[in-house]
Amino acid sequence: MVAKKFDTHTIGRRKESIARAYFYSGKGKITVNEHDIDEYFSRETSKMILKQPLELTNTLDKYDIDVKVKGGGQTGQAGAIRLAIARGLQKINTDLRDSLKKAGMLTRDSRTVERKKYGQPGARKKFQFSKR
């Protein structure tokens, strides 16, 4: 097997998910963990989320993107892939930065799960109170 030379590669994160996107010159094929996106993601919203930066910049059919993603759930992984793709497009063509930034696709979503506190069953939930 001959390894293809990629144009650029970037990393995106969301919640517990980490996505690495490798960009190749091509026809717009997107693979996630060596599966087609239709095969990997069952929800249409997840597919829509990760295609947003490509649709915004009209580069849907210019690059083949190979994504390796791990951790988290389906929505977190889609968000991580979206950030990785947006960063990659900006890295390839710096003129796209303004439109991607205005749409909020270059901003990492820093919201994560709040930690459980001691003396409580969860982060915010309290044990049931009884006077007697």
Entries in Lys15/Lys116; Lys70/Lys91; Lys27/Lys47 that, when Cα-Cα distance is taken, lie over 21 Å: Lys70/Lys91
For segment 12-75, radius of gyration divided by Kirkwood radius, i.e. Rg to Rh on alpha-carbons: 0.94
Cα→Cβ-extended label distance, 7 Å offset, between Glu39 and Lys70, nm: 2.1 nm
Partner aspartates and glutamates for Lys125 [C-alpha distance under 20 Å; skip if fewer than 8 residues away on the same chain]: Glu114
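Grab the Cα-Cα distance for Glu16 and Lys4, subtract it from 0.36 nm times how many residues apart they are, and report the gain in nm with one decimal.
Numbers: separation 12, 0.36 × 12 = 4.32 nm, distance 2.91 nm.
Gain in length upon complete extension: 1.4 nm.
Please give the charge dipole size of the chain, origin at the Cα centre, charges +1 on K and R Cβ atoms and -1 on D and E Cβ atoms. Round to the nearest 20 debye.
Numbers: 30 positive and 15 negative charges, 264 e Å.
Roughly 1260 debye, rounded to the nearest 20.
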Spacing of the two label points (7 Å from each Cα toward its C-beta) at Leu60 and Tyr24, in nm: 2.2 nm
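None of the figures in this text is laboratory data; all of them are computed from the coordinates on show. Every value quoted in this text rests on a predicted model; they were computed, and no experiment measured them. Glycine also receives a Cβ, built like all others from the backbone with ideal geometry; neighbour counts cover every protein chain displayed.
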